[in-house]
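The next block holds one structure in the form of structure tokens; read it before the comments.
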Amino acid sequence: MAAMVTRFGVVIPPAGPWAAQSAAYRWAEDVGYDVAYSFDHLTHATVRGEWLADGFLPLAAAATSTSRIELGTLVASATLRSPVSLARLAITLQDLSGGRAVLGLGAGSPACAGADRGARPSPAEMFTRYADVVSGYQAVLRGDQEWQGSALSFTGVETAPRPDGVADPFLVLAAHGPRALRLAVEHGDGWNTYGGPSSTRLEPGQYWALVGQQVARVDELCERAGRDPRSLRRSVLLGFGAVRPTADVTSYAEAAERATELGFDELVVYAPDAPAGMGSDPHVHEEALGRLR
């Protein structure tokens with residue numbers, strides 16, 4: 001049975017030397033993935049003791065060694081990024097890649113706030129910053145020279161928001177809770193979920209039920225906002241918890257079917273060399289994509 005999911009993505013963690021990451025991006029394009037994602041952390045439990053590169057620079061380098069595959073963050077961290085610098089990174093990647101950039105953006109990790117500046121923000125503080133970064137980023141792209149949010153602001157921006165002829169990257173907002181889901185509906189081109197922190201401890205049936213509740217909430221919020229639910233691209237990232245699509249081809253196909261049933265457009269998995277037990281046999285990816293296309 002062919003899955004109705006229309007897009008398949010793969011996360012290539014920015015861990016280890018660039019030579020290995022470069023090969024992974026070329027592999028992802030060759031086997032037929034639609035998009036390859038990096039993530040944006042300063043520290044993370046899954047790569048303890050390993051080298052972790054910047055989230056954006058490998059994407060820029062991959063833009064020079066690939067030609068078709070989209071390149072994006074899943075996700076850029078609002079904990080680490082500010083509106084003007086984030087816009088500069090995203091538009092630069094869009095320009096370098098010839099329009100293939102996807103900006104996935106999320107609240108980020110409190111651990112990264114600690115690594116960056118010794119802070120331990122509360123969930124409320126992290127959401128406030130996340131909402132500000134989204135709003136401020138969009139203000140930069142409008143060409144605003146100054147902007148004031150709840151906790152962040154900028155002023156004196158005299159440069160152009162983008163080079164001539166360069167379109168804005170597709171904006172995917174990560175969301176699991178009520179406030180972030182509303183943010184995604186109101187500001188995103190797309191929405192991504194991995195279920196949320198608590199989902200990693202759930203059994204597969206419980207996990208899909210939780211994600212189904214999030215889908216229902218997104219539909220409700222779209223209706224309240226007067227937005228066509230089909231205008232919000234929906235993406236689910238699998239592999240961090242009990243649902244492991246890349247364990248074998250059957251698991252991959254089953255995950256694609258479940259994602260389809262819930263109305264997701266995009267299924268994202270982790271690359272074969274992903275750390276912390278999330279790795280897999282590359283042939284599983286190749287065969288699964290061959291069957292599901």
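I need the full set of residues from the stretch 1-32 which are crowded, with 18+ Cβ neighbours inside 10 Å, without any contact (Cβ under 8 Å) to a residue 60 or more places away in the chain and part of a helix (DSSP H, G or I), in order please.
GLN21, TYR25, GLU29
Exactly one of these conditions fails for VAL35: (1) of a type in the set (A, V, I, L, M); (2) modelled with pLDDT under 95; (3) surrounded by 15 or more Cβ atoms within 10 Å (Cβ to Cβ). Give me its number.
VAL35 satisfies all of (1) of a type in the set (A, V, I, L, M); (2) modelled with pLDDT under 95; (3) surrounded by 15 or more Cβ atoms within 10 Å (Cβ to Cβ) except (2).
Looking for something more than 17 Å from GLY239 (Cβ to Cβ), touching a Phe, Trp or Tyr at 6+ places or on another chain (Cβ under 7 Å), touching a residue at least 24 places away in the same chain (Cβ under 8 Å) and among the polar types (S, T, N, Q) - is there at least one such residue anywhere in the stretch 39-49?
No: the stretch 39-49 contains no residue that is more than 17 Å from GLY239 (Cβ to Cβ), touching a Phe, Trp or Tyr at 6+ places or on another chain (Cβ under 7 Å), touching a residue at least 24 places away in the same chain (Cβ under 8 Å) and among the polar types (S, T, N, Q).
Please specify each residue of the stretch 248-264 satisfying the condition of being more than 14 Å from PRO204 (Cα to Cα) and not hydroxyl-bearing (Ser, Thr, Tyr).
If the condition is that a residue be more than 14 Å from PRO204 (Cα to Cα) and not hydroxyl-bearing (Ser, Thr, Tyr), then ASP248, VAL249, ALA253, GLU261, LEU262, GLY263, PHE264 are the ones that fit.
Listed residues THR193, THR246, THR260; which is among the hydroxyl-bearing types (Ser, Thr, Tyr) and either within 16 Å of GLY177 (Cα to Cα) or exposed (fewer than 14 other Cβ atoms within 10 Å of the Cβ) (or both)?
Working: THR246 fails: either within 16 Å of GLY177 (Cα to Cα) or exposed (fewer than 14 other Cβ atoms within 10 Å of the Cβ) (or both); THR260 fails: either within 16 Å of GLY177 (Cα to Cα) or exposed (fewer than 14 other Cβ atoms within 10 Å of the Cβ) (or both).
From the options THR193, THR246, THR260, the qualifying one is THR193.
What number goes with the only condition from (1) hydrophobic (A, V, I, L, M, F, W, C); (2) outside any loop (DSSP other than H, G, I, E, B); (3) buried (at least 21 other Cβ atoms within 10 Å of the Cβ); (4) touching a residue at least 24 places away in the same chain (Cβ under 8 Å) that CYS222 does not pass?
Tallying (1) hydrophobic (A, V, I, L, M, F, W, C); (2) outside any loop (DSSP other than H, G, I, E, B); (3) buried (at least 21 other Cβ atoms within 10 Å of the Cβ); (4) touching a residue at least 24 places away in the same chain (Cβ under 8 Å), CYS222 fails exactly one: (3).
Considering only residues of the stretch 132-169 that are of a type in the set (Asp, Glu) and touching a Leu at 6+ places or on another chain (Cβ under 9 Å), which is nearest to GLU186 (Cα to Cα)? Reasoning before the result, please.
We begin by selecting, within the stretch 132-169, every residue of a type in the set (Asp, Glu); these are 132, 144, 146, 158, 164, 168.
Filter once more, so that each one left must be touching a Leu at 6+ places or on another chain (Cβ under 9 Å): 132, 168.
Working: ASP132: 13, ASP168: 17 Å.
The residue in question is ASP132.
Do we have THR200 as at pLDDT below 95 and assigned to a helix (DSSP H, G or I) here?
yes
Got at least one residue in the stretch 259-269 being of a type in the set (S, T, N, Q) and in contact with a strand residue (DSSP E or B) (Cβ under 9 Å, 6 or more places away or on another chain)?
Yes.
THR155 is checked against (1) of a type in the set (Ser, Thr, Tyr); (2) out of contact with any Ser or Thr (no Cβ under 6 Å at 6 or more places or on another chain); (3) closer than 22 Å to GLY108 by Cα and fails just one. What number does that condition carry?
(3)
Filter the stretch 232-276 for residues that are within 14 Å of the chain's Cα centre (by Cα) and of a type in the set (Ser, Thr, Tyr); which is nearest to ALA20 (Cα to Cα)?
Among those residues, the one meeting the criterion is TYR270.
The values are calculated or read from the model by the stated rules, or taken from the named source; none is laboratory data. All figures in this text were calculated on a predicted structure; none of them were measured in a lab. Using ideal geometry, Cβ is built from the backbone for each residue, glycine included, and neighbour counts are taken over all protein chains shown.
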